[in-house]
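Novice: One structure is given below, represented as structure tokens, and several questions about it will come after.
Coordinate-derived values only; no laboratory data. It should be emphasised that the depicted structure is a prediction, and the values quoted were computed from it without experimental measurement. FYI the Cβ positions are ideal-geometry reconstructions off the backbone, even for glycines, and counts take in every protein chain you see.
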Amino acid sequence: MITTGERGWWIATQPRLVESVALLASLGAVLGSTACLDDGIKPEPRDTTPPSFAVITPQDTVYDTDGDRFVDLALTWTDSAGAVDWPAVRVRSLAGVNGPADSGTNLLDVWRVERRDTLGLVAHETLENLLHGGTNQLEITLPDTAGNVRVDTIAFTLPHGAFVRTLVTGLVSQISHGVGLVVCPDDRRAYMTAGRRLVVVDADSLMILGIVFNSDVADDLQIPLCVPGDPMLYVTERVERYHRPSMQWAPRVWPAFGAVGIVQSRQDPNILYVGESITGGVALIDRAQAARVGSLALPPAPPNEFVFDLEVLPEDAKIYATRYVEGGILVADPSSGQVLARIAVGGPSWPDLGRTDAIVLSADTRWLYAAVLDGDPRGVVAIDTRTDSVVRTLPLPDYVPQELALSPSERRMLVTVQDRFPGLPAYNVLVDVPGWQVLESFPRPRPPGEVRFDGGVAFHPNGKLIFVGHNLDVDVYLSREPEP
């Protein structure tokens, strides 16, 4: 029984009791709800693992799977918890490329992408954005759809040059071969003399555009000279003129004398210097008149002297002429004909001046390079044009150097050769000019018993392709230059 005092206490505590009961009920509801969650499916943990990839190619020195001498990039990828965000994949060259792209460019934007999907990537290097020779590193950035990113690099080694292909002309001869070759920068065509024909090649597409016969010549065509802006190509045998736009022969320079070497004057661009056969003289050709207008007053040369190549300094301060009979290189003042020097290229132990048929001048005219085919050693020499003396020799003692050409940057030189010893094959060589060493050697295969002739050589204006006369065909090489 509740007394009056207890009844007062009961009445006083009722609101708190009600609140406590409500609180306990609420807590029970929460605990009951938690118990239900424990019995159900828990939320998946957040994906924090980046995707991964495997490299199929390039690896080490294996880089080309389709035989075109360009890098083939092939990757496979997976993501453990989701999906690779394959449209956002990036590839960049840490050393940059030879082309308009740089080390920050996504190469997938400038290379040819064959396939890029959920499984992987296949992409192909392009000539426009070419990797460098030597060690290369490609950085691969691979994201997934959860926001994770894998960044890793792959390293591999590329040759500094490679044989690409032969452009087959279909011409056959037992005695003729490609002698001279030039690439004209204004029409981007390569012109090679091949017997009494001129082979015309599109230097960009590597397609033969024409093979044009000259019925007026008495002997094989020799050296083509391109003067940018002049529609005529000047080709020695005598001095023939080929109209480049119409791809037809025009009337030759008259009067006509046999000739081989040819170079444009630097003092008067209208004048060509031409090394004439048999006499060993140097004639003057007026382009505007298409006429032989005189010759340099050089001392008489020995009988049957030939001038196979010529170079001239700015303002025609000096002219350099190779000598077939006398040997060496004749240096003269074109204005007076005075002989200034005779450069011996054969080396100190060689009994005479040595012999070269091919010379090339650096753009700054500081250096004259000569391919030494008779000397000790045979090879390439660098001549200081201030002193007209040999200052560097690159020996190629087992070969007979024939022709040479500098790349537009002048960091590379290609030298074509002939075999010196029976049974010992000779190799065309790509030379690093600043380092003065052979970077790559290119085999010169031929059927058993056949003699192979490697003649004229010229670089494409982009410096990445090289054209070489091979018998009556045209070989194409790839050159991977470093960054400037």
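Novice: For the pair S295/R452, report the inter-label distance in nm, with labels modelled 7 Å from Cα in the Cβ direction.
Specialist: Going from the S295 label point to the R452 one covers 3.9 nm.
Novice: Sticking with this one: Which residue, I262, V97, G455, has the largest displacement toward the positive end of the dipole of the chain when charges sit on each Cβ (Lys, Arg +1; Asp, Glu -1)?
Specialist: In the chain, that residue is I262.
Novice: With the crude spin-label approximation of a point 7 Å out along Cα→Cβ, what separation in nm comes out for H243 versus I211?
Specialist: Reported label-point gap for H243 and I211 is 2.4 nm.
Novice: Which one, M232, L198, H470, is farthest towards the positive end of the dipole of the chain when Lys and Arg carry +1 and Asp and Glu -1 on their Cβ?
Specialist: M232
Novice: Can you tell me the length gained on complete extension of the stretch T166 to A146, counting 0.36 nm per residue apart and subtracting the Cα distance?
Specialist: Working: separation 20, 0.36 × 20 = 7.20 nm, distance 5.02 nm.
Full-extension gain reported as 2.2 nm.
Novice: Over the alpha carbons of the stretch 209-306, what is the largest minus smallest coordinate on each principal axis, giving the biggest first in Å?
Specialist: In descending order, the Cα extents are 43, 31, 19 Å.
Novice: Still on this model: Using only the alpha carbons of the stretch 146-189, determine the length spanned along each of the three principal axes and report them from longest to shortest in whole angstroms.
Specialist: Over the stretch 146-189, Cα extents along the principal axes are 68, 29, 20 Å.
Novice: Can I ask one more? Using only the alpha-carbon atoms, how far is helix 4-38 inclined from the longest principal axis of the chain? Give it as 0 to 90 degrees, nearest 10.
Specialist: 30
Novice: A further question on this structure: Okay, helix-only estimate at 222 nm for the chain: each DSSP H run of n ≥ 4 adds -39500 (n - 2.57), divide by all residues, round to 500 deg cm²/dmol; what do you get?
Specialist: -2500 deg cm²/dmol
Novice: If you build the convex hull over the alpha carbons only and average its shadow over all orientations, what do you get for the stretch 225-364? Give it in nm² to one decimal.
Specialist: 8.7
Novice: Oh, and also: Suppose R0 equals 56 Å; then what is the FRET efficiency for N304 and E483 from their Cβ-Cβ distance, rounded to the nearest 0.05?
Specialist: That pair, N304 with E483, gives E of 0.70.
Novice: Based on the Cα gyration tensor of the stretch 111-250, what are the three equivalent ellipsoid semi-axes, each the root of five times an eigenvalue, rounded to whole Å and given largest first? Mind showing how you got there, number by number?
Specialist: Values: eigenvalues 439, 48, 37 Å².
Taking √(5λ) for each Cα gyration eigenvalue gives 47, 16, 14 Å.
Novice: I've got another one for you. Treating the Cα atoms of the stretch 52-158 as identical point scatterers in vacuum, please give the log10 of the normalised Debye intensity I(q)/I(0) at q = 0.18 Å⁻¹, two decimals.
Specialist: -0.83
Novice: Tell me, rounded to the nearest percent, the portion of alpha carbon pairs in the stretch 161-479 spaced more than 24 Å apart.
Specialist: Above the 24 Å cut-off, the stretch 161-479 has 51 percent of its Cα pairs.
Novice: Compute the normalised compactness of the stretch 444-484: alpha-carbon radius of gyration over 2.2 N^0.38 Å, N being the residue count. If you can, show how the numbers build up before the last one.
Specialist: Working: Rg = 12.8 Å, N = 41, 2.2 N^0.38 = 9.0 Å.
So the Cα radius of gyration is 1.42 times the expected 2.2 N^0.38 Å.
Novice: Rank-order 130-140, 405-415 by packing density, defined as the average count of other C-beta atoms within 10 Å over each peptide's residues, highest first. If you can, show how the numbers build up before the last one.
Specialist: On the way: 130-140: 17.8, 405-415: 20.5.
By packing density, highest mean first, the sequence is 405-415, 130-140.
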